[in-house]
1. If you scan the range 203-221, which residues turn out to be of a type in the set (S, T, N, Q) and over 22 Å from Ile322 (Cβ atoms)?
2. Given Glu169, Glu92, Glu162, which one is under 17 Å from Glu79 (Cα atoms), open to solvent by less than 90 Å² (accessible area, probe 1.4 Å) and of a type outside the set (A, V, I, L, M)?
3. If we only count helices (runs of 4 or more DSSP H) wholly inside the range 412-494, which ones have 1 or more residues that are more than 29 Å from Val651 (Cα to Cα)?
4. State which residue pairs qualify: first residue at positive phi and inside the range 456-475, second residue in a loop (DSSP other than H, G, I, E, B) in any location, beta carbons under 6 Å apart, and separation of 6 or more residues or different chains.
5. Which numbered condition trips up Glu433, out of (1) closer than 22 Å to Leu509 by Cα; (2) touching a helix residue (DSSP H, G or I) at 6+ places or on another chain (Cβ under 8 Å)?
6. State all residues of the range 394-403 that are touching a residue at least 12 places away in the same chain (Cβ under 8 Å) and either in a loop (DSSP other than H, G, I, E, B) or closer than 19 Å to Leu336 by Cα (or both); if no residue qualifies, say none.
7. Let me confirm something: among Asp153, Asp124, which residue is farther than 22 Å from Leu36 by Cα, buried (at least 16 other Cβ atoms within 10 Å of the Cβ) and of a type in the set (D, E, K, R)?
8. Can you tell me how many residues within the range 194-222 are in a strand (DSSP E or B) and in contact (Cβ under 8 Å) with a residue 40 or more places away in the chain?
Amino acid sequence: MQFEKGSKLYSYKVEKEGGEDIIYFNYQGSVYPPSLAMYPEVMDRTVDALIENPNVSRIIFVKDKNYNYDFRETSYLLEIASLYVYFLKQEEILSHEKLVSLNESFFAKRYNDLFSFLYLLKKDPISSYFELKRILIDAKIFFQRLNGESKIDQGNYIHFLEKIFNLIEKTKIIQDSIPYLENYRKGNREIYTKLFQPDIIPNFTFTRLVSDFPLDSEMVDQYEVSVDDFDISNVTILRKKNESKLFYHLSPPESLLTEDENYLMNLARGVLIEHQPKAEEFTDVTRTRKVFFNVSKDLIRDLAQSKGIKLSYLSLMKLATILVRHTIGFGLIEILLHDENLQDVSLNAPISQTPVYVRHNEYDECSTNILPSREDSDSWAAKFRMISGRPLDEANPILDTQLEIDKLRARIAIIQNPLSPDGLAYSIRRHRENPWTLPLFIQNKMLNPLGAGLLSFLIDGARTLLIAGTRSSGKTSLLGSLMLEINSNSRIITIEDSLELPVESLRNLNYNILRMKVRSALLKSGAEVSADDGIRTSLRLGDSALIVGEVRSTEAKALYEAMRVGALANVVAGTIHGASPYGVFDRVVNDLGVPATSFKATDIIAVANPIKSADGLHSWRRLLEISEVKKHWKEDPVRERGFSDLMKYSVEKDELEASDSLINGESDVIKDLASKVKGWAGNWDAVYDNILLRSKIKNEIVKISESTGKKEILEAGFNMLANHQFHKISDEVIKEVGLPVSEKVFPRWQKWLNEEFKKWKE
């Protein structure tokens, strides 16, 4: 909200936003800040405005910054405004008939006393409370000296004062002041600083940020979120009294700008907002932002010079970054997405009245000090429509899309009316800037080294694989890590409706990868190709591994066509919602209509799900089982024992354990794989040795990282090098002894690792 140039000082407007009435006061040009706590005249004007507008639920003072007072603080003054009107108009406490009954000589003093009380009520309710208390005490003392009709009159007056006093004493502002009243001195406004603490918002953004820590909270953790050297935010995790949900307090650089910096930002935003990118420019978000960053930098530099404001280089870069973030970007949401500790960000409707919620890797669900505005949420929705090229309106109230800014990647789900009757709501899934790898999952205990070795073996063996689990179980992240296990000599085709797989990262690692974007299962029609047509098309694009982001709908039939056609040549893998192998069968066959016999094209089902602590307050992602789908059954894989666990999660050990079927070589899938490899056919010891070899290699990377503190060797780049070297050394050993035996491959690979790690340290 901006007041037009020339608007009268202290004038106000009431705007309806997100289902609430907000009153805006113009304090631009005021010689003092618009503080309800410090200045009685500010409180007096505000109560006068609330008398005329009793439905207001929030107060915002517009100056160089916006000073926002929430519903709790506004309700203090609404009650005072209501009481003032009641005293003056309904009770008519200054009227002659209310002040005297028998002795006319008492009128003047009583009138002056209550006029003094009313005068203070709007600008200093606490002082007016003490003033009325004094008046009542004096009246009772005076009562003792009277007799006859004068005493009766004074008694009536005391009864009248007590009625008024009881009303003022019961107000919320007086009740909440009681802990601070012991040493109160008349006119001292320090108490109000405890009751009125505004959220101070820069004028270049509409999103509210509560700067103060919650009352009765204790610090649990604190860390920095660094986007650049000049763009660093502080995060404080707090525990509030009597609440199990922790509090995520963000303090970004925009909340710490100087008055000169805020002034420049307001000027620059007014210029830049008139030059918003066109829809076609949003198809390349990263490039558009770079262009606007350079424009912002030049604009701020020119404005600073013209206004005689000195800016350092770092300040200039900081202001340009913030300006882009709050004009063509996504505001404080971007900072949240840069926090590697966060998994999900939720903006619930009605957005302007609900804080942002985040899911933290360590602290689970947290509320935050961020309250987005309707203006910002509408602006973001328009940008996501342009980025996706998909509609979002009453006829199409659901939008699934993605956000990619440099390395920042997130999946965005938006709903609006009529599906969300309270307006826009967002669910944002943050993706790791770099792909997950199997060593990273080992370090985070999602799976153990043996589980990683088995999955690597199965991917190399070109099996068909479904990763099942609930939402937020890590399905897509695990699928992305398995893509890194595909030999880089192979071609990969990915099919997704929302682009979540780490295609760009693999492309940067020189993988031969083609990404296909298909129509969302939630859309019945549109310009995009359907998922099932996309899968069938992939079969005509040459020999490739096929990775399906998520099996949701009719594309399941096409996927199983691909599995039957491609399983013997390349990996076919995807994710699906399901809590067990039978849950996957039930969904694929009964929900998605794939024939039961076709389901047998699935070789492996890996189930990932969060596990919870006994107190229910914590959860951790774990791979719970790796099962094979046997081929002998005809109708019901459970009744006919069509599922066989290769590995199963042990609660006591908090890790996967190998089953007897895996240890004793009873896996049909692995035996089938081995039957096509020279030296492995009928030689289970050699096959199992290779699984253990891969396990040792993955674990060795984790051990080196933990012992040296070099986390970067767990990442995708080093993982690809390590896999390439493993295949190269294995090939050399095969030429020497006929099989890639662990006792020869591992020492050579370990030697390479040590030499390569020395280069990384240098």
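The values are calculated or read from the model by the stated rules, or taken from the named source; none is laboratory data. Values in this document were obtained by computation on a predicted structure and should not be read as measured data. Cβ atoms come from the backbone with ideal geometry, glycine included; neighbour counts cover every protein chain shown. With ligands, DNA and RNA removed, areas are computed over all heavy atoms of the protein, side chains included. Shrake-Rupley method; radii C 1.70, N 1.55, O 1.52, S 1.80 Å.
1. Let us first name the residues in the range 203-221 that are of a type in the set (S, T, N, Q), namely 203, 205, 207, 211, 217.
The answer is Ser217, and nothing else.
2. Numbers: Glu92 fails: under 17 Å from Glu79 (Cα atoms); Glu162 fails: under 17 Å from Glu79 (Cα atoms).
Answer to the selection: Glu169.
3. Numbers: elements: 438-443, 449-460, 475-483.
Counting at least 1 such residues, we get 449-460.
4. Within 6 Å, the pairs are Ala462/Asn570; Ala462/Val571.
5. With respect to (1) closer than 22 Å to Leu509 by Cα; (2) touching a helix residue (DSSP H, G or I) at 6+ places or on another chain (Cβ under 8 Å), Glu433 is out only on (2).
6. So in the range 394-403, the residues touching a residue at least 12 places away in the same chain (Cβ under 8 Å) come out as 394, 396-403.
Matches in the range 394-403: Glu394, Asn396, Pro397, Thr401, Gln402, Leu403.
7. Values: Asp124 fails: farther than 22 Å from Leu36 by Cα.
Only one candidate passes the filter, namely Asp153.
8. Start the filter on the range 194-222 by keeping residues that are in a strand (DSSP E or B), which leaves 199-202, 208-209, 217-222.
So of that shortlist, the ones also in contact (Cβ under 8 Å) with a residue 40 or more places away in the chain come out as 199-202, 208-209, 220-221.
Here the count works out to 8.
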